[in-house]
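Right, one structure below, let's go through it.
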Amino acid sequence: MSERLAADVAVIGGGTAGCSTALHLRWRGASVVLLERGLCGSQASGVNYGGVRQQGRALVELPLARRSRAMWNHLAELVGNDCEFAATGHVKLARSDTDMAELETYREAVRPYGLELELLGRNAIRARYPWLGDAAVGGSLCADDGQANPRLVAPSFARAARQAGADIREHAAVTAVERDGVRFRVATANGLEISAGALVNVAGAWGHEIAARFGESVPEAVIAPNMCVSEPLPYFMVPNFGVCGGGVYVRQISRGNVIFGGGRGVADRESLRAYPIADSSLDAIRQAGALVPRLRQAQLIRTLTGIEGVMPDDIPVIGPSRTTPGLVHAFGFSGHGFQLGPVMGAVLSELILDGVTPTPIAAFDIGRFAPRTD
């Protein structure tokens, strides 16, 4: 038996961005139905490294990241749970003089955005973090960055949205979506039929499928970041770490486990499955051990990965549809959307209800992938 619902806004996707959008829309009085194929936070929002990082982002992402960072400070007030967020700092390590020059250039480039970074040379970084190995010759510290538990964030936003009056439907895979000229019509595999005045596409690695139904073809691929978890160790590593040029990232949680990763697993977008790869895990172990020698003797207790959408230019699609009034996109966060999740609710609700957001998003316009006509 089918169930028919009507709402001001339908949201497709129950990651942090979608759940935050539902919450922000309810705060402003709009009725919302959110549709999630599985459980809220079961895809990239809940299966990631957990870094709350501004440092190292493309400059066009920094206005979003700065606004989102302010929201992380008040997560407990927003959703009733701090989601284990802690401003532990983030260090991007240099493994060569060339890397150090890159870090210095980046520090100057981000100053106009209000992001302050502290450069640490070979002696300074050894004094600050004596447990680092010889592979690290320096680094850049963003003391304002941090980390959180990704398993908690999207479900906490979903719970808060429900409490605010949003209709959150899990296990509701979308099978049809169209606009009849006035309203959007959405159908799900379990018999829901939704009529909505506006539609938000936050479908993650499947966002391109929704966009394509409205004549907007974009080349969204998938990645599966390969991650590992160690046994609990005595707590010693306060900041979380990445490296210039990528390759490995490491953080320790207060319970003692070290979470680290590098390389890629296998992502099967059709079957909704992702698998770690032993070779990627072994390489991450080697690189993490070179940076933090005491990890070489740690026991590995788990490997994991998830499916994340990635765009060719490594920045997401965010903004109004070019073909369909009332449709707004936010997908393809390319492996660094966790920190941006909370702010996406504010931005997308502004786009839906006001038609504009004060945060610059022009660089993320879906039109950048439109075929050239010249």
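The values are calculated or read from the model by the stated rules, or taken from the named source; none is laboratory data. All of these numbers come straight from a predicted model, not from anything done at the bench. No Cβ is skipped: glycine too gets one built from the backbone with ideal geometry, and neighbour counts run over all protein chains shown. Accessible surface is based on the protein model in full, side chains and every heavy atom, while ligands, DNA and RNA are left aside. Shrake-Rupley method; radii C 1.70, N 1.55, O 1.52, S 1.80 Å.
Miscellaneous remarks
- Principal semi-axes in Å for segment 201-283 [√(5λ), Cα gyration tensor, largest first]: 33, 14, 12
- Cα-projected label distance for Glu77 with Arg122, points at 7 Å along beta-carbon direction, nm: 4.7 nm
- Across the protein chains, with a 1.4 Å probe defining accessible surface, the residues His329, His336, His171 rank His171, His336, His329 from largest area downward.
- Using θ = phi - 60° and Karplus 6.51 cos²θ - 1.76 cosθ + 1.60, couplings along segment 265-274 (whole Hz; Gly, Pro as x): x, 10, 10, 10, 5, 6, 8, 6, 10, 9
- Solvent accessible area, Å² - Arg26, 1.4 Å probe, full protein context: 60 Å²
- Unit Cα scatterers, Debye sum, the chain: log10 I(q)/I(0) for q = 0.09 Å⁻¹: -0.51
- DSSP bridge orientation in the chain - percent antiparallel, rounded to nearest 5: 65 percent
- Segment 72-113-segment 207-279 distance, computed between alpha-carbon centres (Å): 18 Å
- Calculated mean residue ellipticity at 222 nm for the chain: -8000 deg cm²/dmol, from DSSP H runs with n ≥ 4 weighted as -39500 (n - 2.57), summed, divided by the residue count and rounded to 500.
- Cα-based Rg and Dmax for segment 111-251, where Dmax is the largest Cα-Cα distance (Å): 22.6, 65
- Expressed in Å, the radius of gyration and Dmax of the Cα atoms of segment 66-150 are 15.1, 45.
- Contour minus Cα-Cα distance for Ala164 and Ala70 (0.36 nm per residue): 31.7 nm
- Figure legend: label point modelled 7 angstrom from the Cα of His171 along Cα→Cβ; residues of segment 182-216 with amide N under 13 Å from it are 189-191.
- Difference of contour (0.36 nm per residue) and Cα-Cα distance, Trp27 to Ala143: 38.6 nm
- Measuring r between the beta carbons of Ser195 and Arg286 and using R0 = 35 Å, the FRET efficiency lands at 0.05.
- Legend: residues Glu270, Glu36, sorted from most to least accessible area (1.4 Å probe; ligands, DNA and RNA excluded), read Glu270, Glu36.
- Cα-Cα pairs of segment 1-112 separated by more than 17 Å (percent): 69 percent
- Counted residue by residue at 0.36 nm each, then reduced by the alpha carbon distance between them, the extension gain from Ser254 to Thr359 reaches 34.4 nm.
- Here the simple spin-label model places points 7 Å from the Cα toward Cβ, and for Asp279 and Gln297 these points are separated by 3.1 nm.
- Distance (nanometres) between label positions extended 7 Å along Cα→Cβ at Arg213 and Ala58: 2.6 nm
- Separation of alpha-carbon centers, segment 306-374 and segment 1-66, rounded to whole Å: 12 Å
- Convex hull volume of segment 254-347 per residue (C-alpha atoms, cubic angstrom): 159 Å³
- Karplus-derived 3J(HN,Hα), 6.51/-1.76/1.60, for each residue of segment 323-338, Hz, glycine and proline x: 10, 9, x, x, 9, 10, 10, 7, 7, x, 6, 6, x, 9, x, 4
- Two-site FRET efficiency, Val266 against Ala221, from Cβ-Cβ distance with R₀ of 22 Å, rounded to 0.05: 0.95
- In this structure the amide hydrogen of Ser45, modeled in the peptide plane, comes within under 5 Å of the amide hydrogens of Thr16, none closer than 5 places in sequence on its chain.
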